[in-house]
Amino acid sequence: MKRQYFDGNCYKYYFKDPKLKTLILIHGLGLNQDVWAWQLSSLKNYNVLIYDLLGHGDSKDPEGEISLTLFVNQLYAIVNHLNIEKTMIVGFSLGSMISRKFASVYHNKVEGLVLLNSPNRLLDQERDEILERAKLLREKGPESTTDAAIKRWFSDRFQLDNPHIVQLVRNWVNNNKKEVYSAIYPILYYGSVDLKSVFETKPTLIITCDQDFANGPDAAKDIAKNFKNSDVCILENLRHMALVEDFQKISLKIDAFFTSVNTD
């Protein structure tokens, strides 16, 4: 499918049948909509929307103050443009933060959520680390942090066995504009603070991995406290990018969860 554009936003909408449920897949910081390529073939029984966040891929750069609200407004504009009345959202990392905020603002549009490897950075030490990394990105560009990110994101075995995929992801990150990427990066902390007071009742599946040290089991269990109707799933022997490294397992979890959600 060709990329489509609306008001500077780049997206693909795989609309198959009005009777099917609609999924929106939101990528993480520094990536783009293509990170969902492995998932799409496994989610055939849904209408699926993927898109590039502001400042990522082929979407326009953000204007004004960087906040979750800015990204929520982008998503709402695309949803409204496509006349999507109800949706279920799968958000990865920053995408999960955006989906949580979107559900709180547009509660009636969301039928369920899957949060993948969601940040929950609330400590002063985590704030300082994020701001220091943003400074490095601003001064030296994405290449200065990509090697460390790859080690956090993929298991050692996957890196050895799949160098072409690792290089593809590396290229995605390195293609970000340093001034834009560095400006968005602090949202991992400030967005976590914003979401601390956001509570949700929609059916939610919170998935993380035992080796995702920054966004792992402790973070997932803490996030779950804000969700009245949620389950936490911890995947073993995986790191941050499980949606790529073991995409089939993630797809099965997504499909099984949304199939169980009563949307009547």
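The values are calculated or read from the model by the stated rules, or taken from the named source; none is laboratory data. Because the structure is predicted, anything quoted here is derived from the model rather than measured. When we count neighbours, we look across all protein chains shown, and the Cβ atoms used for this are built from the backbone with ideal geometry, even at glycine. Just the protein is used for accessible areas: all its heavy atoms, side chains included, with ligands, DNA and RNA removed. Shrake-Rupley method; radii C 1.70, N 1.55, O 1.52, S 1.80 Å.
For segment 179-189, indicate whether the set of residues that are open to solvent by less than 20 Å² (accessible area, probe 1.4 Å), β-branched (Val, Ile, Thr) and within 30 Å of Asn262 (Cβ to Cβ) is non-empty. Can you show your working first?
First, the residues of segment 179-189 that are open to solvent by less than 20 Å² (accessible area, probe 1.4 Å): 180-182, 184-185, 187-188.
Right, trim to β-branched (Val, Ile, Thr) and you get 180, 184, 187.
Those left that are additionally within 30 Å of Asn262 (Cβ to Cβ): none.
No, that holds for no residue.
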**Request:** Show the residue pairs that are 6+ apart or on different chains and have beta-carbon atoms under 8 Å apart, the first residue being within segment 238-264 and β-branched (Val, Ile, Thr), the second being open to solvent by 10 Å² or more (accessible area, probe 1.4 Å).
**Result:** Val244/Trp38; Val244/Ile165; Ile254/Leu205; Val261/Glu111; Val261/Pro203; Thr263/Lys21; Thr263/Lys86; Thr263/Glu111
**Residues (buried (at least 22 other Cβ atoms within 10 Å of the Cβ) and in a loop (DSSP other than H, G, I, E, B)) located in segment 191-237** = Pro203, Asp212, Asn215
**Request:** Among the residues of segment 167-181, write down those that are basic (Lys, Arg) and either within 15 Å of Asp34 (Cβ to Cβ) or at pLDDT below 95 (or both).
**Result:** Arg170
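Whether any residue in segment 159-166 is modelled with pLDDT of 95 or more, surrounded by 15 or more Cβ atoms within 10 Å (Cβ to Cβ) and within 17 Å of the chain's Cα centre (by Cα) is what I want to check. Before the answer, list the steps.
Quick first cut of segment 159-166, residues modelled with pLDDT of 95 or more only: 159-166.
Next, from what is left, pick out any that are surrounded by 15 or more Cβ atoms within 10 Å (Cβ to Cβ): 159, 162, 165-166.
Okay, now just the ones that are also within 17 Å of the chain's Cα centre (by Cα), so none.
Checking segment 159-166: not a single residue is modelled with pLDDT of 95 or more, surrounded by 15 or more Cβ atoms within 10 Å (Cβ to Cβ) and within 17 Å of the chain's Cα centre (by Cα).
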**Complete set of residues in segment 55-107 that are among the hydroxyl-bearing types (Ser, Thr, Tyr) and either without any contact (Cβ under 8 Å) to a residue 40 or more places away in the chain or within 18 Å of Asn120 (Cβ to Cβ) (or both)** = Ser67, Thr69, Tyr76, Ser93, Ser96, Ser99, Ser104, Tyr106
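Could you tell me which residue of segment 111-132 is nearest to the chain's Cα centre (by Cα), considering only residues that are open to solvent by 10 Å² or more (accessible area, probe 1.4 Å) and not acidic (Asp, Glu)? I'd like the intermediate steps shown before the answer.
First pass over segment 111-132, keeping only residues open to solvent by 10 Å² or more (accessible area, probe 1.4 Å): 111, 120-129, 131-132.
Cutting the leftovers down to not acidic (Asp, Glu) gives us 120-123, 125, 127, 131.
Values: Asn120: 13, Arg121: 15, Leu122: 18, Leu123: 21, Gln125: 23, Arg127: 20, Leu131: 20 Å.
The selected residue is Asn120.
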**Request:** Residue by residue through segment 64-87, note down the ones that are under 16 Å from Ile184 (Cβ atoms) and at pLDDT 95 or above.
**Result:** Ile66, Ser67, Leu68, Thr69, Leu70, Phe71, Val72, Asn73, Gln74, Leu75
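Just checking, how many residues over segment 238-264 are assigned to a helix (DSSP H, G or I) and surrounded by fewer than 21 Cβ atoms within 10 Å (Cβ to Cβ)? Working first, answer last.
Here is the first cut: in segment 238-264, the ones assigned to a helix (DSSP H, G or I) are 242-245, 247-260.
Checking which are surrounded by fewer than 21 Cβ atoms within 10 Å (Cβ to Cβ) leaves us with 247-249, 251-253, 255-257, 259-260.
So the count comes out to 11.
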**Complete:** Exception for Lys221 within (1) free of Cβ contacts under 8 Å to residues at least 24 places away in the same chain; (2) closer than 30 Å to Glu65 by Cβ falls at (2)
**Prompt:** open to solvent by 10 Å² or more (accessible area, probe 1.4 Å), within 21 Å of Asn171 (Cα to Cα), of a type outside the set (A, V, I, L, M) and at pLDDT below 95 - does that describe any residue in segment 16-39?
**Reply:** yes
**Prompt:** Would you say Ala224 is modelled with pLDDT under 95 and out of contact with any His (no Cβ under 6 Å at 6 or more places or on another chain)?
**Reply:** no
**Message:** Residues that are touching an Asp or Glu at 6+ places or on another chain (Cβ under 9 Å), open to solvent by 30 Å² or more (accessible area, probe 1.4 Å) and without any contact (Cβ under 8 Å) to a residue 40 or more places away in the chain: does segment 133-145 have at least one?
**Reply:** no
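Condition check ((1) in a helix (DSSP H, G or I); (2) farther than 30 Å from Asp231 by Cα; (3) in contact (Cβ under 8 Å) with a residue 12 or more places away in the chain) across all residues:
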residue	(1), (2), (3)
Arg121	no, no, yes
Glu126	yes, no, yes
Val173	yes, yes, yes
Asn176	no, yes, yes
